[in-house]
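Enquirer: The structure under discussion is supplied below as structure tokens; questions concerning it will follow.
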């Protein structure tokens, strides 16, 4: 049975870093909504246009993830999963298809988020959005952290579980 990891967290919380580590060290295939959006659309200023294109992009990513999982390939989705509704729908979709679903919550203090933002904005250009601190604060208000009943793991807990299942599932 293949595993899909859903990376949930605010901007600059470590989701992409962890997802790249799963890809490099464990053989997961990384699918990043930011990368797809930037490659396909570039920067989009209009919020409605952005939301529409992001929704379409996430649907394509979900379809591809289902196909990869059916082939036994583990997948990590770096997509934010900012709302409970989005997390619930994604978990149901992948679980219904018979795959192991892990929801990871990348919780971090605001100070660490600001430090990560400074590092990201000061680093080389990549397939991520550059934000100023005011925009990040505005985006933070939109994020719905997972409740306890969602069973989200921390990245450390997920890493530990991979150690316990070594040799299984890494596609």
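Enquirer: Here are the criteria: (1) over 27 Å from residue 39 (Cα atoms); (2) surrounded by 11 or more Cβ atoms within 10 Å (Cβ to Cβ); (3) at pLDDT 95 or above. Tell me which single one residue 149 does not satisfy.
Expert: Of everything listed in (1) over 27 Å from residue 39 (Cα atoms); (2) surrounded by 11 or more Cβ atoms within 10 Å (Cβ to Cβ); (3) at pLDDT 95 or above, residue 149 misses just condition (2).
Enquirer: For residues in region 57-72 being without any contact (Cβ under 8 Å) to a residue 12 or more places away in the chain and either surrounded by 14 or more Cβ atoms within 10 Å (Cβ to Cβ) or within 16 Å of the chain's Cα centre (by Cα) (or both), which is farthest from residue 3 (Cα to Cα)?
Expert: 59
Enquirer: Among the residues of region 73-104, which ones are touching a helix residue (DSSP H, G or I) at 6+ places or on another chain (Cβ under 8 Å), surrounded by 17 or more Cβ atoms within 10 Å (Cβ to Cβ) and part of a helix (DSSP H, G or I)?
Expert: Result: 87, 90, 94.
Here's the yes/no breakdown for (1) modelled with pLDDT of 95 or more; (2) closer than 21 Å to residue 12 by Cα:
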{"site": "31", "(1), (2)": "yes, yes"}
{"site": "51", "(1), (2)": "no, yes"}
{"site": "68", "(1), (2)": "yes, no"}
{"site": "86", "(1), (2)": "yes, yes"}
{"site": "108", "(1), (2)": "no, yes"}
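Enquirer: Do you know which of the residues in region 152-164 that are part of a helix (DSSP H, G or I) and touching a helix residue (DSSP H, G or I) at 6+ places or on another chain (Cβ under 9 Å) is surrounded by the most Cβ atoms within 10 Å (Cβ to Cβ)?
Expert: 155
Enquirer: Yes or no: residue 63 assigned to a helix (DSSP H, G or I) and over 26 Å from residue 25 (Cβ atoms)?
Expert: When the stated conditions are applied, residue 63 passes them.
The values are calculated or read from the model by the stated rules, or taken from the named source; none is laboratory data. Keep in mind that this is a model prediction, so the values were computed, not measured. Counting neighbours? That spans all protein chains shown, and the Cβs are built from the backbone with ideal geometry, glycine included.
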